[in-house]
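Only one structure is covered here, and it is reproduced in the block below.
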Amino acid sequence: MATSLLYGIVTSSALVLGGVIGVWFQLPKRVLAIILSFAAGALVTALTFELFAEAYERGGIWRAAGGLLVGAVVFTTLSALLDRWAQAGSTSVPADEYRGSAKLDTDAAAAGHAPAAASTRGAAGLALLAAATLDGVPENLALGVALGEGSGGLALLAAIFVSNLPEALVGAASMRAQGMTRAAIIGLWGACSVLLVAAVVVGAGPLSGSDPETISLPLAFASGAVIAALADTLMPEAFEHGGPAVALGTAAGFVLSFVLSLA
């Protein structure tokens, strides 16, 4: 239990760290894109070896594939609703301003760029907070299951950490652009981190003692949520703003996560 609590704190600390960076600093846009691409590469390894493969071994292909599709559909549907929420009050802005995910407005956190209307007039930061919670809960449950059964989880730990960081950074910057106080912003991301720590503990405790077919479902659901997040948010934003360099960032994230999966 102590190990699961430690892992939960490490993964969730990225939310607080990203929130602090987002409210106090601005980074070059290309740096943000490379961070996103690194997170994408790490998540590719984690969803393949730590999530879907485990779901398949425990529940068979039909249960794993079905859970993955459900996770992808749920995440995609809710992400689209969150994007629409992020654009609230911005109907006068040309439609071509929103490329990729409206809630992941990297302009809000980038030096020398004015935040898009989705950040200054909508609810982009809060939508990104909700999205981080949506995909974070199943991911952290899966991490807890891996820890509870002594199957490692280092690759998933690293992938969750590096994906949480840019989401919180951009989300906090968007909240700042909306005029929220720094204390309120960090408090919101801190509350989200507490919820995700609890998810790791639940996964390592009650859930890890369930039968394999039961455990297969949250693992498969998390796989679907992660792969949808990659296609819907992380990769489009990274490649739009980072240029060819993000290909190397994605490869580096994949290699690091793969090496950790062998530990």
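The values are calculated or read from the model by the stated rules, or taken from the named source; none is laboratory data. It should be emphasised that the depicted structure is a prediction, and the values quoted were computed from it without experimental measurement. Cβ: placed from backbone, ideal geometry, glycine included. Neighbour counts: every protein chain shown. Quick note on the areas: whole protein, heavy atoms, side chains included, nothing else; ligands and nucleic acids left out. Shrake-Rupley method; radii C 1.70, N 1.55, O 1.52, S 1.80 Å.
Some observations on this one:
- Candidate residues Ile186, Ile9: accessible-area rank, largest first, probe 1.4 Å: Ile9, Ile186
- Nearest-10 value in Å² for the accessible area of Leu248, using the 1.4 Å probe: 130
- Here Asp135 sits with roughly 10 square angstrom of accessible surface, probe radius 1.4 Å.
- Ranking Val201, Val145 from most to least accessible surface, computed with a 1.4 Å probe over the protein chains only, gives Val201, Val145.
- Rounded, prolate or oblate (a/c below 1.5 giving rounded, otherwise prolate when a/b exceeds b/c) for the stretch 129-196 by Cα gyration tensor: prolate
- Taking a ≥ b ≥ c as the square roots of the Cα gyration tensor eigenvalues, the stretch 207-263 comes out oblate, since a/c reaches at least 1.5 and a/b does not exceed b/c.
- Sequence of Arg63, Arg58 when ordered by accessible area, the most exposed leading, probe 1.4 angstrom: Arg63, Arg58
- When the inverse distances between all different Cα atoms of the stretch 169-256 are averaged and flipped, the Kirkwood radius reads 16.3 angstrom.
- Three-way shape call for the stretch 1-95 based on the alpha-carbon gyration tensor, with the a/c threshold at 1.5: oblate
- Among 38-51, 168-181, 210-223, the peptide with the highest mean count of other Cβ atoms within 10 Å heads the list, and the full ranking is 38-51, 168-181, 210-223.
- Note on the stretch 178-232: with neighbouring protein chains present and a 1.4 Å probe, carbon and sulfur make up 72 percent of its accessible heavy-atom surface.
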